[in-house]
Amino acid sequence: MSLRTRLDQDARRGLSQISLPFIFVMLLLAVPLVILLAMSFWTQDFLTLDRTPTLNNFIEAWSEPIYRTLMLRSLKISIIVTFVTVGLAYPAAYYMSFIAPNNRKAFLVFLITIPFWTSYLMRIFLWKVILGYNGVINASLMGIGLIDKPLDFILYNQLAVVLTLSHAWLPFAVLPIFVVMEKVNRTYLEAAQDLGDTPFWQFIRITLPLSMPGVVAATLIVFVPTIGDYVTPKLVGGPDGLMIANLIELQFKKANNAPLGAALALSAMFLVTAVAAIFVWLNRRYLKAEGAA
Amino acid sequence: MSKRILTIFMVVFVLFLYAPTLLLPIFAFNDSTFIAFPLSGFTFDWFASLGAAVELRGAAINSLIIASISAVTATTLALLASSATVRYRFPGKGIMIGAIMVPMFLPEIVIGVSLLTVVLLAGFQLSIYTIIMGHTLICTPFSIAILRSSFQQLDPSMEEASLDLGESRFSTFRRVTLPLIMPGVISSLLIAFTISLDEFVIAFFLSGTEPTLPVYIWSQLRFPRKIPSVMALGTLLLLLSICLLTLSEIFRRRSARRLGQKDNGGAW
């Protein structure tokens, strides 16, 4: 059998196996996204849909102050959440990979993953219990006599949203960084030590650049879904903490304006993809400058 | 020195991760309708009240049906996709597998509204089937992440031996490949089941008159009087999740052992 026919047979087998999941994704993701895009160029008056293409929805989504405010606020919150999450996840992943004994690693991964798999809705709601008027924080502060009456400014604001979202996404940020750190070749560190590098410079010159791909993955995993979070702003955000997803839901359901909702959803998706792409590009440049890529 | 600081950091980090979850059982057993401190007494009433909630039973059955079908469909699709990408070279491989993994990197609300738009335009009724479609879509990438490592660790010479000895492709898969990767398959089923059981946003957009468990919980959170019962329900779900995950972890480790690989700590 010649090499060429063998490859062809392989290719055919691979294609026939992947075709089913690929068609599934095309039908349930690509086609709906295209229809969503079409929808965003239409207009809706109550229940009648006018299919004359127009850019009005996008103009409204980007010029109306309330939409613009919520869009930018969502972007701001998800950027802050990403910084906090990745900043806290990095030392945790470092501990798990470089300091924890080898036989503990699998257990630590398991320990980190459990809270992530417990009901998302309940975890967010529990933050409301912690931060609320009669909540855990207020009760304990009053218990030790630090304050006389409950603080009412800790719930229902953007800070509460940032705190709750960061907590929810922490495990998701630790794992990709940990996996990449595990692949860092330990002999490089030994070589650097033998050549007289201090631990600090070993970290700056070897571990940090080599673990950057994990940081990039963690950043994307946290940043992209966070901008579209619906539950957290609704439960702990209050009126000043609402985000774009709450508005999208409103347009699709109560306001009966699906085209505007589609334009808002696509704008948010575009915004998040653009920021993520800039981030990945900057990071590639940085790594190239460091000579690590 | 820095080692000690990092160890302390890790302890605080894990405590922070678990803090909210620990409140769940506390308030599930607290004898007061208010979710607040100080605690007033111990009771099983909230758990008992769950038995009387008819809507809850319906929601739980819906969730179980949706999670089971989504888990089986996602795992089947993931088996095909990971077998193809790990073992064969073919044109367009990168783009196709990339497209299949996209749902992992999209805000869930975008998936929810795009499917909702299609359903509305096509004039379909929202039902548990529309939720199953959405859930299969988001579970498949996670199942692929697990099964890909099973296929990577599989020794191809086992299958070659079976083929050389005259077994057909299908029975080689059934009698050689499948038993070897079975722990990975079970782990994928359990993870997909857990994701679907817990998913809220897509189910919220795509559910009609039949709510899932999270959608039911969401509707209860609006009534302060119902919240202690929700806490009891949350405690039960927490126990269920821990059981499923522990099972999945056991199967994953068995898979690593069966395939003769050292444990690398996770599906990642």
Show me the helices (runs of 4 or more DSSP H) found entirely inside segment B:141-216 where at least 2 residues are closer than 30 Å to B:Tyr129 by Cβ and at pLDDT 90 or above. B:178-198, B:201-206
Kindly check whether there is at least one residue in segment B:198-220 that is facing chain A (nearest Cβ under 10 Å), in contact (Cβ under 8 Å) with a residue 24 or more places away in the chain and over 19 Å from B:Glu108 (Cβ atoms). no
Evaluation of A:Thr52 against (1) hydroxyl-bearing (Ser, Thr, Tyr); (2) within 7 Å of chain B (Cβ to nearest Cβ); (3) not in a helix (DSSP H, G or I) (one fails), failing number: (2)
A:Leu170 - would you say it is buried (at least 17 other Cβ atoms within 10 Å of the Cβ) and either hydrophobic (A, V, I, L, M, F, W, C) or over 30 Å from A:Leu287 (Cβ atoms) (or both)? yes
Which of the residues belonging to segment B:151-173 are free of Cβ contacts under 8 Å to residues at least 40 places away in the same chain and of a type in the set (A, V, I, L, M, F, W, C)? B:Met158, B:Ala161, B:Leu163, B:Leu165, B:Phe170, B:Phe173
Which residues, taken from segment A:223-241, are assigned to a helix (DSSP H, G or I), among the hydrophobic types (A, V, I, L, M, F, W, C) and either within 11 Å of chain B (Cβ to nearest Cβ) or under 13 Å from A:Lys76 (Cβ atoms) (or both)? A:Phe223, A:Val224, A:Val231, A:Leu235
Pairs only if they're at least six apart or on different chains, beta carbon under 6 angstrom, first in segment A:151-169 and of a type outside the set (A, V, I, L, M), second modelled with pLDDT of 95 or more; list them, first residue then second. A:Ser166/A:Val81; A:Ser166/A:Val84; A:Ser166/A:Thr85; A:Trp169/A:Thr85
Only unsatisfied item for A:Met39, checking (1) more than 29 Å from A:Val162 (Cα to Cα); (2) over 24 Å from the mean Cα position of the chain (by Cα); (3) without any contact (Cβ under 8 Å) to a residue 40 or more places away in the chain; (4) assigned to a helix (DSSP H, G or I), is (3)
Being in contact with a Leu (Cβ under 8 Å, 6 or more places away or on another chain) and more than 7 Å from every other protein chain (Cβ to nearest Cβ) is the filter; apply it to segment A:95-111 and report the residue that is surrounded by the most Cβ atoms within 10 Å (Cβ to Cβ). A:Met96
What is the residue count in segment A:114-137 for residues that are farther than 18 Å from A:Gly237 by Cα and either charged (D, E, K, R) or more than 7 Å from chain B (Cβ to nearest Cβ) (or both)? 1
If I filter segment A:264-284 for residues that are surrounded by 20 or more Cβ atoms within 10 Å (Cβ to Cβ), over 18 Å from the mean Cα position of the chain (by Cα) and of a type in the set (A, V, I, L, M, F, W, C), do I get at least one hit? yes
Boolean, B:Leu238 is free of Cβ contacts under 8 Å to residues at least 12 places away in the same chain and either facing chain A (nearest Cβ under 9 Å) or crowded, with 23+ Cβ neighbours inside 10 Å (or both): no
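Listed here are the residues, each with its yes/no results for (1) within 20 Å of B:Ile100 (Cβ to Cβ); (2) not hydrophobic (A, V, I, L, M, F, W, C).
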position	(1), (2)
B:Phe142	yes, no
B:Gln152	yes, yes
B:Ser168	no, yes
B:Arg175	no, yes
B:Ala192	yes, no
B:Gly208	no, yes
B:Tyr216	no, yes
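Rundown of residues vs (1) surrounded by 15 or more Cβ atoms within 10 Å (Cβ to Cβ); (2) more than 10 Å from every other protein chain (Cβ to nearest Cβ); (3) of a type in the set (Val, Ile, Thr), yes/no style:
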position: B:Lys3; (1), (2), (3): no, no, no
position: B:Thr7; (1), (2), (3): no, no, yes
position: B:Leu15; (1), (2), (3): no, yes, no
position: B:Asp31; (1), (2), (3): no, yes, no
position: B:Ala52; (1), (2), (3): no, yes, no
Selection from segment A:105-127 of residues that are part of a helix (DSSP H, G or I) and of a type in the set (Val, Ile, Thr): A:Val109, A:Ile112, A:Thr113, A:Ile114, A:Ile124
Being more than 23 Å from A:Ile244 (Cα to Cα) and either aliphatic (A, V, I, L, M) or modelled with pLDDT of 85 or more (or both) narrows it down to one of A:Ile124, A:Ile130, A:Ile79, so name that one. A:Ile130
Of the residues B:Ile191, B:Ile181, which single one is of a type in the set (Val, Ile, Thr) and in contact with a Phe, Trp or Tyr (Cβ under 6 Å, 6 or more places away or on another chain)? B:Ile191
Report every pair of residues separated by at least 6 positions or lying on different chains whose Cβ atoms are under 6 Å apart, first residue within segment B:111-132 and more than 10 Å from chain A (Cβ to nearest Cβ), second charged (D, E, K, R). B:Ile128/B:Glu210
If we keep just the residues of segment B:35-49 that are surrounded by 15 or more Cβ atoms within 10 Å (Cβ to Cβ) and aromatic (Phe, Trp, Tyr), which is modelled with the lowest pLDDT? B:Phe37
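The values are calculated or read from the model by the stated rules, or taken from the named source; none is laboratory data. Keep in mind it's a predicted model, so treat the numbers as computed, not measured. Every residue, glycine among them, receives a Cβ derived from its backbone with ideal geometry; neighbour counts consider all protein chains shown.
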